[in-house]
Structure formats: structure tokens, C-alpha cells
Amino acid sequence: MGTVATSTNAASAAPAGPGVGPLLRAWRERRRVSQLELALRAGSSARHISFVETGRSRPSEEMVLRLAEHLEVPVRERNALLLAAGYAPHYPETPLDDPALAGLRAGLERLIQGYEPYPALVVDARYDVVAANRGVAMLLEGLPESLLAPPLNAMRLTLHPSGLAPRIRNLPEWRGHLLAQMERQIALHRSAPLRALYEEVAAYPVPRERGCSAAEPPEPVPYFALPMQIEHAGRTLSFISSISTFNTPMDVTVAELAVETLLPADPATVKYLHSLMG
């Protein structure tokens, strides 16, 4: 399965302690935006942006939030920017099991159940699975209990040599895609937990390539994206991964959730899943 982490529980994407100016400059450079361009977007001046970045001017709380918005800074890191500027965090972080998020949880469950018989799951910032439908359960059939013990982690389940890795027929390509995805997230967020997870899964031994598989080969179709080709009960199923996140989230927890849906990539996979799950 391919997933995306929207942020992490690490404090800030840039080194802690230098103040809000260097943090904003780091985000601006990461987004490859000039001071003039950022000033035009935020209704300010390049001179003021320069003064803020060098510490000669203290930005208002509104200005910090406005600059963060135009730099597409994740909400957890927006809180870090506010703290560095001497203001209170603006975005709450509500536990997912809090009664206040009951409507969200119910909506996510309806969403992924409505996607059946195709696999769909919800992951948090650490790639931990917080919800999954029967399509995902079908793919995980036969995995060892040690991997299925909570909290389930999508990267471990996919790349562990006792997990889905031996079943993925195009494992080198899919593994390379997932590791590159994690590397991009680490470069952006500089998260110690994400780095530790990356080092763990990257060190997993890769199952040796097998000879001719007993699984039924997939139909030759023109793929529009890299598919995950995975064996199940003597058949090869092909899926394209799609990731969805929430627009304009106002809570750190909500901002860091991602919904992954696995779209069947060929008619044979569609037919099989419908027949299997009725």
C-alpha cells in the first residue's frame, strides 16, 4: 500500500530555537518563493518580509498566519511558527477518540465502507492505520499476528518480509516508490519518528525474486500510474493508489489524516473483487 504522511509529531520543520524569522525564511526557501513574490501574495512589502526574516521586525500574529498560509505550511508547523514569534498556538490538537471528533470518525467509516469491495484505509502522520475496510482486510489475510497487532503501520505491513512484500510482484518498483515518498516527507518535515521508521523499513531484507509464479498473470493493460501488483489466492490483482486529505483543516489531528483508496487497475481485478465480496 502506498500512503502519505501529511505531517509529523515533531515540533517544527526547521531547527528549533532560531526565532520566527529564520523559520519563515526556511519555509520560503523550501517553497522556492522570493521575498517579493511572498510579499505580493500576502499584501506586504519585500522590505517588511526581509525585516521579519532577519529579526528586525516582529510580525503580528495575523501576519504569521498569513505568511504560513501562502507558504502552505502544515498546521502543526504553523503552531510552531506562532510559538517562535511569542504567540499561543492557533490550532488545537484533538485526540481522534475525543467525542468532539465523533462525526469525523463516523464520516470516515462511511466513506471507506462505501468504497467496498475495493480497499480503502485512513492513516495518521506516522502511517499508523486508524481505519480500514473489508477490502484491506482481504489483502492482509494470512499475515502473522505480530504484524497485525495494534497499532497497524502501513509501511511495515507493506515492506516487511513477513508482510505483503513477498506477495507484491513488482516489489522493487513499489518499494522504491514508497521509500522515495518517505524521503521527501523527511526532507520537508525533518521528523525524527519518520526518520526512524524509514531506517527501519529500508533495512528490511528484500525477498528474493521468484521464478514463474503460480498466480494468474494480470491482463496487459496500459497503466496511467505505477500499479501495485499483488497476489491473492492464486491471482494477481492490480491497484492504483490515490491519496485524499482534508481541505482547510482547523485541527492538527484532522490535518494529519490521509485517506488512501486503491483503485482497480484492470477489469480482472474489478471482476474478482466483486465476486469475492458479493
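The values are calculated or read from the model by the stated rules, or taken from the named source; none is laboratory data. Computed from a prediction, not measured in an experiment: that's the story for all the values here. All Cβ positions, even for glycine, are placed from backbone atoms using ideal geometry, and neighbour counts span all protein chains on display. Remember, those area values only see protein heavy atoms, side chains included, never the ligands or the DNA or RNA. Shrake-Rupley method; radii C 1.70, N 1.55, O 1.52, S 1.80 Å.
Some observations on this one:
- Accessible surface for the range 11-160, divided over its residues, is 48 Å² per residue with a 1.4 Å probe.
- Ordering T158, T245 by accessible surface, largest first, gives T245, T158; the 1.4 Å probe counts only protein heavy atoms, with every chain in place.
- Where the Cα pairs of the range 31-157 fall when distances are cut into 10 Å bins, in %: 11, 28, 22, 19, 16, 5, 0
- Convex hull volume per residue, computed on the Cα atoms of the chain, equals 145 Å³.
- Rounded accessible area of L101 (nearest 10 Å², 1.4 Å probe): 20 Å²
- Each Cα pair under 8 Å and six or more residues apart adds its sequence gap; the mean of these over the residue count of the chain is a relative contact order of 24 percent.
- D97 exposes around 120 Å² of accessible area when a 1.4 Å probe is run over every protein chain in place.
- Where GluC sites (Glu not before Pro) in DSSP loops with at most 14 other Cβ within 10 Å are excluded, longest remaining stretch of the chain: 1-71
- GNM result for the chain, Cα springs below 10 Å: residue of L148, L40, L178 fluctuating most strongly: L40
- Note on V206 and E72: their simple-model spin labels are 3.0 nm apart, each label 7 Å out from Cα toward Cβ.
- All-pairs alpha carbon distance profile, the range 103-161, 10 Å steps from 0, percent: 22, 54, 23, 1
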